[in-house]
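The values are calculated or read from the model by the stated rules, or taken from the named source; none is laboratory data. Keep in mind it's a predicted model, so treat the numbers as computed, not measured. Cβ coordinates were reconstructed from backbone atoms using ideal geometry, including for glycine residues, and neighbour counts include every protein chain displayed.
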Amino acid sequence: EKGGYPDFMLKEIHEQPRVIRDTLAGRLVDGHLAIDELDLSPEELNLIDRVYVIACGTSYHAGLIAKNLIEGWARIPCEVEVASEFRYRNPIITPSTLVVAVSQSGETADTLAAVRDARVKGAKVFGITNVVGSPLARESDGVIYTKANKEIAVASTKSFLGQVVSLTLLALLLAQAKGKLKTNQVRLLFHELADTAEQVEHILADTTAIDEAARACKDAKSALFVGRGMGAAISYEGALKLKEISYLHAEAYPAGEMKHGPIALIDEGFPVIAVATKSPVYDKLVSNIQEAKARGAMVVAVATEGDEDIRAHADHVIYIPKVRDAFSAITASVPLQLFARAIAVERNCDVDQPRNLAKSVTVE
Ligand code: M6R
């Protein structure tokens, strides 16, 4: 059943190129985005003036990535909130609010409660889920399926990538409806998005640098993940993956926040994992890495192929193919999944069944 892999998590990580392809299949018809199941006309989409993405855990991190795309491309204010907070406050919801609920299982109690509440208050609700016919699918006005197929490992990997790709499609759709992107720009972006399947295959083909970095970090007590912009969102997911399967304490910070507190943690050999791919904030990030390194941090950098300069600032460099910053979550998340798993294996943890966790959380 594991298809020759030692655990389901590794098998599922390797399925990700297929998930990207399947999630995109049939979505560009005659050069136009086709997400008909959302059942909203371009005019109705154009009326949306606020988006909330609500979710828990890894699905919430997919939302953080979507915020960058929805605001960046469609210019619609977008807030991302964990469902257990959203449901107990009084968010501003009007009929022109779109709530996007993201849940692999489609049955997470807090996410469903938030969806019900938002609908009562008059919001349109889109669900993004991996499970056909799940409560989320049934209770949303429209649903996009992530096509990850059944995910068995408790730690989400392939469903996360499916969510990020689906949310990217939604951001493109909104941008097009708002007139912020032209049809030909959307088409170009769609093709670049599709190319990430091959780029992820390339990352999966050689994990030597990832495994070396994991061996160097395996005995640490704690680790800090940092990034800026998209890299910050990616860092949160990297830290969650590591702590949930290896029990190594990890947290993530936007790199610019380091000197406001977390840099105090850093002493000789403290692992700092930096998402340092080429982006508009690359130079800023590099100076944050230098500050950490000057205090003895062991820096692991996920960087763009061809970036030789980064070697001067990092102890371990994991190279990934160059992609547009908007798509960097799809590529940069993969080495962080493999890094977390490699550390968990080194620490003899049960990769697929971490202690205290269940695959779906159907009670509050
Ligand atoms: O099924 P959902 O996407 O609603 O689940 C949300 C979280 O419980 C889930 O992502 C959890 O954080 C995973 N263990 C992460 O790997």
Handout entry: Hits in the stretch 187-216 (condition: in contact with a strand residue (DSSP E or B) (Cβ under 6 Å, 6 or more places away or on another chain) and within 17 Å of residue 23 (Cβ to Cβ))
Key = 190
Fill in the blank from the handout: Pairing a residue in the stretch 91-108 that is within 13 Å of the ligand (Cβ to nearest atom) with any residue that is of a type in the set (A, V, I, L, M) and modelled with pLDDT under 95, where Cβ atoms lie under 6 Å and the two sit 6 or more apart in sequence or on different chains, gives 108/361
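Residues are listed down the side, and each one gets a yes or a no for (1) surrounded by fewer than 21 Cβ atoms within 10 Å (Cβ to Cβ); (2) in contact with a strand residue (DSSP E or B) (Cβ under 6 Å, 6 or more places away or on another chain):
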residue	(1), (2)
2	yes, no
10	no, no
16	no, no
24	yes, no
41	yes, no
72	yes, no
83	no, yes
94	yes, no
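What do you reckon, is residue 117 farther than 28 Å from residue 197 by Cα, surrounded by fewer than 24 Cβ atoms within 10 Å (Cβ to Cβ) and out of contact with any strand residue (DSSP E or B) (no Cβ under 9 Å at 6 or more places or on another chain)?
Values: farther than 28 Å from residue 197 by Cα: yes; surrounded by fewer than 24 Cβ atoms within 10 Å (Cβ to Cβ): yes; out of contact with any strand residue (DSSP E or B) (no Cβ under 9 Å at 6 or more places or on another chain): yes.
Against the criterion (farther than 28 Å from residue 197 by Cα, surrounded by fewer than 24 Cβ atoms within 10 Å (Cβ to Cβ) and out of contact with any strand residue (DSSP E or B) (no Cβ under 9 Å at 6 or more places or on another chain)), residue 117 qualifies.
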Exercise for the section: Could you tell me which numbered condition residue 130 fails, if it satisfies all but one of (1) within 15 Å of the ligand (Cβ to nearest atom); (2) of a type in the set (S, T, N, Q); (3) modelled with pLDDT under 95? Expected result: (3)
Practice task
State whether one or more residues within the stretch 76-98 are of a type in the set (D, E, K, R), in a loop (DSSP other than H, G, I, E, B) and over 21 Å from residue 163 (Cβ atoms).
Solution key: yes
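Can you tell which of 246, 235, 166 is surrounded by 24 or more Cβ atoms within 10 Å (Cβ to Cβ) and touching a Gly at 6+ places or on another chain (Cβ under 6 Å)?
Result: 235 is the single residue among 246, 235, 166 that is surrounded by 24 or more Cβ atoms within 10 Å (Cβ to Cβ) and touching a Gly at 6+ places or on another chain (Cβ under 6 Å).
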Fill in the blank from the handout: Checked 363, 302, 275 against criteria (in contact (Cβ under 8 Å) with a residue 12 or more places away in the chain and either within 16 Å of the ligand (Cβ to nearest atom) or farther than 19 Å from residue 161 by Cβ (or both)); the one match is 363
Fill in the blank from the handout: Reported set for the stretch 71-90 where residues are within 16 Å of the ligand (Cβ to nearest atom) and in contact with a Cys (Cβ under 8 Å, 6 or more places away or on another chain) is 82, 83, 84
Exercise for the section: Only one of these is crowded, with 21+ Cβ neighbours inside 10 Å, farther than 25 Å from residue 69 by Cα and within 16 Å of the ligand (Cβ to nearest atom): 358, 340, 292, 297. Name it. Expected result: 340
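Taking the stretch 120-134 only, how many residues are more than 23 Å from the chain's Cα centre (by Cα) and either over 30 Å from residue 13 (Cβ atoms) or crowded, with 20+ Cβ neighbours inside 10 Å (or both)?
Number of matching residues: 5.
Identify the residue in the stretch 240-264 that is part of a strand (DSSP E or B) and of a type in the set (A, V, I, L, M) and, among all such residues, is nearest to residue 284 (Cα to Cα). Even if it seems obvious, please write down each step before you answer.
From the stretch 240-264, those part of a strand (DSSP E or B) are 249-254; that's our starting set.
This time we only want the ones that are of a type in the set (A, V, I, L, M), so: 250, 252.
Working: 250: 22, 252: 17 Å.
Going through the qualifying residues, I end up with 252.
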Fill in the blank from the handout: Matching residues in the stretch 135-169 (more than 9 Å from the ligand (Cβ to nearest atom), of a type in the set (A, V, I, L, M, F, W, C), in contact with a Leu (Cβ under 9 Å, 6 or more places away or on another chain) and over 18 Å from residue 195 (Cα atoms)) number 2
Practice task
Give the residues of the stretch 1-53 that are closer than 26 Å to residue 245 by Cα and among the hydroxyl-bearing types (Ser, Thr, Tyr), sorted by residue number.
Solution key: 5
Exercise for the section: Keeping to the stretch 96-117, report how many residues are within 18 Å of residue 50 (Cβ to Cβ), of a type in the set (Gly, Ala, Ser) and within 24 Å of the chain's Cα centre (by Cα). Expected result: 2
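Rundown of residues vs (1) under 23 Å from residue 140 (Cα atoms); (2) more than 16 Å from the ligand (Cβ to nearest atom); (3) charged (D, E, K, R); (4) not in a loop (DSSP other than H, G, I, E, B), yes/no style:
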site	(1), (2), (3), (4)
12	no, no, yes, yes
18	no, yes, yes, yes
23	yes, no, no, yes
26	yes, yes, no, no
46	yes, yes, no, yes
60	yes, no, no, yes
63	yes, no, no, yes
69	yes, yes, no, yes
Problem - Output for the stretch 26-39, where each listed residue is of a type in the set (D, E, K, R) and buried (at least 18 other Cβ atoms within 10 Å of the Cβ) - result: 27
